[in-house]
Amino acid sequence: RVTTAAVEIRDRLRTAAALPPLSEWLAAAPASAPDSWEDYESRRKLLADKNDADACVRLGVAALLALPAGPETIARLWPVANDADWQERRAGVAAANPALPVLLDLADLLPATHDTRLECRFLRGQYLTRRGDHAAVRALFESLFAEPGFPPLYHLTARVRLGEACEQLGDYPAALAATRALEGDLADSSRNTDRVLRAVFINLHLVRTDEAARLIALLETVPDKILLQTTHEYFIREFIELRRAGRAEAFWRESSTWWPEWEKFAASLRLPPAGLETTVPVIPELSVLGESLRQAERAKDNTAYWHGFRTLVSAARWLPSLAPEVSGVAAQAGRMAPGRNADFGRLILAQLRVPGFPEANVRLRGFHIAATYHDLGDHPAALAAVAAYRAAGHPLDDPLTRAVNRIWAMSARASARELAEASAALEHDLADATLATLRSLSVELLADLYRARHLDREEASLLERELANPHIVADTKARERLAERQVQLGGSVRLAEGVREWLRVNPLPWFDHAEPASLDDPRLRDLVAVLENPERQFSPGEIIKLRLLAAQNPGLGLARQSDALSRAVESLHETSPTHSEAARIADSFIDNPAFEESTRALFLWHLVIDAYNHGRHADFDRWQAHPLAARYNQLQKDFVAGLARSRALDTSDPAALAAFADTLVATELGELEVAQLQEIFAHYIRLDDLARAQALAASTPVWRFSSSYTGSRESNALRFTRTLSAAEAQAPV
């Protein structure tokens, strides 16, 4: 009977090989037939060592076609089919191997209990699974169990495959029934143990917590050596620990409070319907999941991203360790769903507030609660979360406590609250010279807190000490950042001292009586924001004092200090009651080496423009010739040169005005040139030279404007027309 079956298998294979698609596949890369099955084995081994699955299949098919039909034909049928399965698993269904379905069909010619037929039935199950035909897989294995002589040796593997197919079809009771048959064979089977873990998840999804707990108790009996071989060892051990502590049911019950909110949120994101990733959220390796999420984000693959994210959120419903993991990818999820950061934050906080287990997880949740509030910009809540963490008495020198201290510092800095307390925490951390993890971040945060507290000496001392720390020395980028900060701080301190000395030498009688009394004024909690719009809280005189105080605060940084000083001195000059007082302020500042040249050059620009606008010709001539004018860029130099030409113009001579106007009209007109033409037009009107005024107004259609000019031809023409109409109406008849 075996020989007859072998002959039929060979003949049917030859028939199939003569027809497409198998004929085309064979012709694409013909393989020479082996001389014997021993020759086949020898050649196949060489090909397998090269990992050439396709060549192995071609050699096997050539052997089945050419060698005499007999017991070896049947014995080799499964290995050749297995090579075809190997090749298809590597290449994917898109590059399906046409030999595989033919070989599987040939195996069905064998008796029902023949090992080759049974092995090929399992290969067919894999073939159908790859194509997503789970109903056919289920029917296949159910038919095997219906066969009277189905050998018990195959039962457990068949139960696993049947359970997998039922899972994919969403028939969870049937999947659980298939898994139940595996419960007695966990002691030496990592595969069966993994299936029981999946049954735990299914029962939890079906709100059968008692049954889930029973299965977890069963998993406790699995030897360590088997657990180490499972795909999901981490999850299994966490479930066991949770049950042993008597915390499982309480945790699952508490998690149900946030789950409906997640489902609503997921619906609002218009995600695909929830699938097996929600029911059985197994994650073989968190690091692998993390990398897949990063890849999906880079590829902007929303489907892949949300599948992985939903798996993580679903697993966090049942396992305490995973809520912090969800928190860890919150920023990434926010980028995948722009504008939903606040919603993600609320979801994560709801997860984190569920009491965790064990103690390490409780502490980790505390850190993530504080971090989430900080990321949401709710700094008072973040500070409260930090206080709750510290009140629990966690070790002060623990890495997680130090991470909480950094969150404390960031929220304190952002809210200008608890600055001294957060500073003390970081001072404690940095007192450990061996601290390496994120040391530079702690240093920069503490330096920021010192600046916010106006403690420039403490900041300088901190930077000097830390730049000598071996961990900072070894971190090139951190060392460069801190060194640059040290240089800037030195400039800031020197500027602050220069302002104090300038005020001592040039006292302002009203200064000590004006508000704010100091930078400790509660209204100045966010000094940077106040300086951007001081008019909301302070009068003009108070704004001058505010800016002079700010210029003495190295914590603002050199750029903001210089800006505050420049604006203050400009305002002092503009509001001086007498010309002599204004000149005194200008002279005391413009050549003072305590101030940066760039700041003094900016003030010089103010002096030049102010002198020109107010017709103080002597002051204009003096200031535009000052050596600091060499710092101007070319546009500024051209602008001042234009003012000088205008300044030298005899405004009582219509002919001179007309010549200058012609020169301007022949060039590209910027803001200055247009202003000068408008000024010439005004002089014409003053001199009652309406003819030249009309001629200038008539020239506007040919004006050429530079790209920097912000006005329009029409606005200038309209302005001239209106002025001319008024002048003509008043002209004597």
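The values are calculated or read from the model by the stated rules, or taken from the named source; none is laboratory data. Everything quoted here is computed from the prediction, not taken from an experiment. Cβ placement follows ideal geometry from the backbone for every residue including glycine, while neighbour counts extend to all protein chains displayed.
Data table
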| quantity | calculated |
| --- | --- |
| Listing of helices (runs of 4 or more DSSP H) fully contained in the range 190-239 that carry 1 or more residues being closer than 20 Å to V288 by Cα and of a type in the set (D, E, K, R) | 190-205 |
| The range 431-450, subset more than 28 Å from the chain's Cα centre (by Cα) and closer than 21 Å to A483 by Cβ, residue surrounded by the most Cβ atoms within 10 Å (Cβ to Cβ) | Y450 |
| Pick from the range 96-106, criterion within 54 Å of the chain's Cα centre (by Cα) and not in a loop (DSSP other than H, G, I, E, B), ranking: farthest from D54 (Cα to Cα) | D105 |
| Residues satisfying the stated conditions in the range 383-396, i.e. in contact (Cβ under 8 Å) with a residue 12 or more places away in the chain, within 23 Å of L435 (Cβ to Cβ) and either among the charged types (D, E, K, R) or surrounded by fewer than 20 Cβ atoms within 10 Å (Cβ to Cβ) (or both) | R390, A392, H394, L396 |
| Search result, residues across the range 490-511 that are of a type in the set (D, E, K, R) and under 48 Å from the mean Cα position of the chain (by Cα) | R494, E497, R500, E501 |
| Unmet criterion (only one of (1) within 37 Å of the chain's Cα centre (by Cα); (2) assigned to a loop (DSSP other than H, G, I, E, B); (3) of a type in the set (S, T, N, Q)) for S576 | (1) |
| One residue from S706, S712 being touching a Gly at 6+ places or on another chain (Cβ under 7 Å) and either over 17 Å from L657 (Cβ atoms) or touching a residue at least 40 places away in the same chain (Cβ under 8 Å) (or both) | S706 |
| The lone exception for T179 - which of (1) touching a Phe, Trp or Tyr at 6+ places or on another chain (Cβ under 9 Å); (2) surrounded by 18 or more Cβ atoms within 10 Å (Cβ to Cβ) it fails | (1) |
| Condition broken by L519, with the remaining ones in (1) under 20 Å from E458 (Cα atoms); (2) free of Cβ contacts under 8 Å to residues at least 60 places away in the same chain; (3) within 40 Å of the chain's Cα centre (by Cα) satisfied | (2) |
| Of all residues making up the range 615-633, the number that are loosely packed, with under 12 Cβ neighbours inside 10 Å and closer than 30 Å to P593 by Cβ | 5 |
| Within the range 422-435, tally of residues that are touching a Phe, Trp or Tyr at 6+ places or on another chain (Cβ under 9 Å) and over 11 Å from R453 (Cβ atoms) | 2 |
| Subset of the range 579-592 [in a helix (DSSP H, G or I) and either small (G, A, S) or surrounded by 13 or more Cβ atoms within 10 Å (Cβ to Cβ) (or both)] | S580, E581, A582, A583, R584, I585, A586, S588, F589, I590 |
| Filtered residues of the range 684-705 (kept if within 26 Å of L635 (Cβ to Cβ) and either surrounded by 13 or more Cβ atoms within 10 Å (Cβ to Cβ) or basic (K, R) (or both)) | L696, S699, T700, W703, R704, F705 |
| Pick from the range 399-430, criterion of a type in the set (K, R) and farther than 25 Å from A360 by Cβ, ranking: surrounded by the most Cβ atoms within 10 Å (Cβ to Cβ) | R413 |
| Residue count for the range 714-733, restricted to those that are assigned to a helix (DSSP H, G or I) and either surrounded by 14 or more Cβ atoms within 10 Å (Cβ to Cβ) or β-branched (V, I, T) (or both) | 8 |
| Subset of the range 169-182 (residues that are part of a helix (DSSP H, G or I) and touching a Leu at 6+ places or on another chain (Cβ under 7 Å)) | Y172, A178 |
| Single residue of the range 132-150 satisfying the filter (at pLDDT 95 or above, outside any helix (DSSP H, G or I) and not acidic (D, E)) that is nearest to G92 (Cα to Cα) | G132 |
| Among the residues listed as V404, V443, the single one being of a type in the set (V, I, T), closer than 30 Å to R353 by Cα and out of contact with any Gly (no Cβ under 6 Å at 6 or more places or on another chain) | V404 |
| Count of the range 335-382 residues which are free of Cβ contacts under 8 Å to residues at least 40 places away in the same chain and β-branched (V, I, T) | 3 |
| Members of the range 687-708 found to be farther than 14 Å from L677 by Cα and not in a helix (DSSP H, G or I), listed by number | L687, D688, D689, S706, S707, S708 |
| In the range 634-654, residue modelled with the highest pLDDT [restricted to those that are surrounded by 13 or more Cβ atoms within 10 Å (Cβ to Cβ) and among the hydroxyl-bearing types (S, T, Y)] | T651 |
| A370 vs. criteria out of contact with any Lys or Arg (no Cβ under 6 Å at 6 or more places or on another chain), surrounded by 15 or more Cβ atoms within 10 Å (Cβ to Cβ) and closer than 25 Å to A529 by Cβ | yes |
| Candidates D83, D52 - the one that is free of Cβ contacts under 8 Å to residues at least 24 places away in the same chain and either in the same structural domain as A95 (by TED's automatic domain parsing) or of a type in the set (D, E, K, R) (or both) | D52 |
| Residue in the range 128-137 that is buried (at least 21 other Cβ atoms within 10 Å of the Cβ), β-branched (V, I, T), in contact (Cβ under 8 Å) with a residue 24 or more places away in the chain and out of contact with any strand residue (DSSP E or B) (no Cβ under 7 Å at 6 or more places or on another chain) present | yes |
| Of all residues making up the range 480-507, the number that are without any contact (Cβ under 8 Å) to a residue 24 or more places away in the chain and over 15 Å from G557 (Cα atoms) | 3 |
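Listed here are the residues, each with its yes/no results for (1) loosely packed, with under 15 Cβ neighbours inside 10 Å; (2) out of contact with any Phe, Trp or Tyr (no Cβ under 7 Å at 6 or more places or on another chain); (3) of a type in the set (S, T, Y); (4) outside any helix (DSSP H, G or I).
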position	(1), (2), (3), (4)
E459	no, no, no, no
E464	yes, yes, no, no
I472	no, yes, no, no
R479	no, yes, no, no
L482	no, yes, no, no
L489	no, yes, no, no
V493	no, yes, no, no
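For (1) outside the structural domain of A199 (by TED's automatic domain parsing); (2) crowded, with 20+ Cβ neighbours inside 10 Å, each residue gets a yes or a no:
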residue: F235; (1), (2): no, yes
residue: F265; (1), (2): yes, no
residue: P272; (1), (2): yes, no
residue: P281; (1), (2): yes, yes
residue: L286; (1), (2): yes, no
residue: E291; (1), (2): yes, no
residue: Q295; (1), (2): yes, no
residue: T303; (1), (2): yes, no
